[in-house]
Amino acid sequence: MRFSPHARVSRGPGAVLGVLLGLLLALVMPLAQGPAHAADAASRTIPALQQWTAGSGSYTFGSASRVVTDSAYSSALGTTGQVFADDLTQLAGRTVGQVSGPASAVQPGDVFLTLGSTDTELGAEGYALTVAPSVTVQARTDAGAFYGTRSVLQLLKQSPTIAAGTARDWPAKTERGLMVDVGRKYFTLPWLQSQIRDLAYLKMNYFHLHLSDTYGFRLESTSHPEITSAAHYTKQEITDLIALGARYHVTVVPEIDMPGHMNTTLAAHPELRLVNSAGTASNQYIDLSNPAAYRLIRDLITEYLPLFPAKYWHLGADEYVTNYANYPQLLSYAREHYGPDATAKDAYYGFVNWADAIVRGAGKTMRMWNDGIKPGDGTIVPNADITVDYFNTYGLTPQQLVEAGHIVNNSSWNPTYYVFGGGRPNTPYMYETWNPDVFQGGATLTDPSRNRGSKLHVWCDNPDVETEQQTASGIMTPMRALAQRTWGSPLLVPTLAEFQPIVTAVGRPPGWPADTAAGDLVLGRPVTVSSTEAPAFPAESAVDGSHGSRWSSAFEDPQWLRIDLGSSQAVNRVKLTWEAAYATAFQIQLSDDGTSWNTVYSTTTGSGGTQDLTGLTGSGRYLRIHLTGRGTDYGYSLWEVEAYHDA
C-alpha cells in the first residue's frame, strides 16, 4: 500500500446526535444549496445535478415506454441507447425496447437521446435533461448522453414517476474513479464487472487495477509465465472487462508495480533481487544495476501495453529503497550511466525515465505515485510528461510537481484510502468539507486544471480480513461521496447523515447481484424491530440482500429483530453480518405464533464480523434475533440477516 496512518472515524453519541439534528434540519430546510435546485425528488441523484429547474406536470415510465435514439446520430448513440435499454429491462422486469427515430417519433413515456447541443458549458461529459410527458437527454458527445441516462436511471430506480423540469449537468473533474489492489487480494471477475457498472451508475469513469504486489502477479503472461500467480486473470478476461468498461464509459488502467513491491516476480527470479551492503537480498526490490532486470521489465511492459487501450500506463514506482547508501551498486550504476556527479537515487530516476520512454513510444502517458520524487536527491528528475498520483506529503508538493511540468491526480490517503485491516475513508470529511483540489496536508494548486481528479483506493494489506462482498459494502457510501465531490455540483444536503438516505434510495445499479445466497428465507420478508437508531438505518435494510445498507438499534438492551417467513419453515443455518456495533450475547429463536419462542442458538461470546451459524435444528413461521449484550458502547447494527434450510 501507499502508507496510510489514517484511523477509522468511529460512530459515537455525538455522531448520532448529528444524525438526529441533520434529519430534523432536512424537514425544515430546502434540500438544495444552490438556487437552481429544487427540494423535490426529481433532483435527487448521486452526484446531484448541477442545475435543476422544476416544471409543471410529470413523466411516467410505463409498460409501453421505449428508449428512442435520434436517427440523426444513430451510429454515435447506438451503444449508449442499448446499454440504457438493457439497464431499464433489468429495472422494470420486462424487455424495454430501443429504437432509432426522429424527435417526431417520440411518444409519452419514451426517453429520447440526442446530440447536437450547442451549449459549450456542458463540455465533453455534460448533458441537458428535459422531463415532460417524455424525457429528452441532449448532449454534445456520446459520453454526455450516457451520463444523462445514468441520472434518468437513478430517478426511475426511486419511482416510475419523475416530476417535470429541466436540468443542465456537467462534471468539475475529468477523472473520477476507483483503484483496487488485486495484487494482494484476488477479486473475482464478476466482482470487477459489478464495480464497472457501479462506477458508471455514479458517472465515474476511471478504474485503476493494481495488478501486482506482495502476494500476487495477477495477469497471464506469455513472456514470463513463471511469475503469474495461480489466481489470475487471463488476457481474454481482461479484454472482456475492458470491453464492458467501454460500453459503460469506464477506462480500465493497469498498474504493474515496479521497481518495488515485486515480491512475486522476484520469487521466480531471485537472481534479480537487490542485495544490500550487508549481503541481505530484498524480497521486493529489483536490482536496477543488473541489466537482466531491465530486460525482464521491458518484456512485461511491451507484452501488456497492447492489451490495454487506455491512454495511461501506471508504473507504480513507489516505496523503492529507503536508504540508498546501503546499496553501493546503485551508485556505481548511476555514475556509469548518468555521469560522475550522479547519486544513487539517479538509478531510480533513470529507470523511471527509461520506462516512460517505452510507454511514450506506444503513444501512452505514464503515471506513478509521488513518494519517490524528492527535491535535490539526484542530478536528473522524472520526465515532465509523467502524470503523478499524489497520495502523501513525501517530497515535492502538488504545486511543485505542477511547476515541474506534471499533471497530478489527488490520491490523498485522507480521505480516499480504504485499507484492509487499517484505516477507512473519512467519509464525513469527504462529503461535508473536502474537495478534490485539497491535497494531503491541505495543499492546493494555483491552477486546479492541472489536477485531473481523484479516486477511492482499496488497499488489501491484510487480504483475508474481508470478503469481496464486505469490501463492496464498505466502499458503497465513500464511493458515492467521492462521486459527488469529483462531479462538483451543489450538495443536496449538507451532512453525511442526511446524505445517507439518498444513498439508500438511489441504491445500486439495476442487476447488482444480491449479497446473499440463493435460498435465503428472509430476503425481502416483512421485518419488525424493537427500535431504530435513525431513519437512515431502517429494519428492512437487514433483509434487503445488500451489505451496503444496515439496520441499527437504539443504545440500550435488550433489542430484537423479528422476521415473518410467511409460513412455517425449517431453519438450519443463520448468517449474521455485523457492522462495527455487534452483539456479544444473543439468541436465535423460532416461533409459530410470534409469542412463544424456541431458542435454537445462544451465545455470550459473540465477536462480530460475519457469523455463519450452521447445524441449527428448529422450525417456525417467525425468526427472531434476540440481542441481550452489546459489544460496544452503542447499539446493535446488522448489515444483513440470512437464513437457510440447510447448512
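A short reminder: the numbers here are calculations on the coordinates, not readings from a lab. None of the values given here were measured: they were computed from a predicted structure. For neighbour counting, all protein chains shown are included, and Cβ atoms are generated from backbone atoms with ideal geometry for every residue, glycine included.
With the Cα gyration tensor of segment 515-607 giving a ≥ b ≥ c as the square roots of its eigenvalues, does the rule (a/c under 1.5 for rounded; else a/b larger than b/c for prolate; else oblate) give rounded, prolate or oblate?
The shape class here is rounded.
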Quiz prompt | the chain: calculated mean residue ellipticity at 222 nm from DSSP helix runs of at least 4, using -39500 (n - 2.57) | solution = -8000 deg cm²/dmol
Exercise. Could you tell me which of rounded, prolate or oblate describes segment 178-455, using a ≥ b ≥ c as the square roots of the eigenvalues of the alpha-carbon gyration tensor, with rounded for a/c under 1.5 and, failing that, prolate when a/b is larger than b/c and oblate otherwise?
Key: oblate
Practice problem: Using only Cα positions of the chain, each an equal point scatterer, no hydration layer, compute I(q)/I(0) via Debye at q = 0.09, 0.12 Å⁻¹ and quote the log10 values to two decimals. | Solution: -0.82, -1.30
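Please get the size of the charge dipole for the chain, origin at its Cα centre, with Cβ charges of +1 on Lys and Arg and -1 on Asp and Glu, quoted in debye to the nearest 20.
680
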Quiz item: Which value, in debye to the nearest 20, gives the size of the charge dipole of segment 275-343 about its Cα centre, when Lys and Arg are +1 and Asp and Glu are -1 at the Cβ?
Solution: 120
Practice problem: Fewest Cβ neighbours within 10 Å first, please rank S221, S552 accordingly. | Solution: S221, S552
Self-check item: Rounded Å value of the spacing that divides the Cα centres of segment 440-507 and segment 187-266
Solution: 21
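Under a Cβ-only charge scheme (Lys and Arg +1, Asp and Glu -1), can you give me the dipole magnitude of segment 527-644 about the Cα centre, in debye to the nearest 20?
For this selection, approximately 240 debye.
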Quiz prompt | Per-residue Cβ neighbour rank within 10 angstrom, fewest leading, R452, R94, R298 | solution = R94, R298, R452
Quiz item: Once the Cβ-Cβ distance between T234 and H645 is put in as r, and R0 is 41 Å, what FRET efficiency do you end up with, to the nearest 0.05?
Solution: 0.65
Exercise. Mind sorting F537, F555 by how few other Cβ atoms lie within 10 Å of their own Cβ, fewest first?
Key: F555, F537
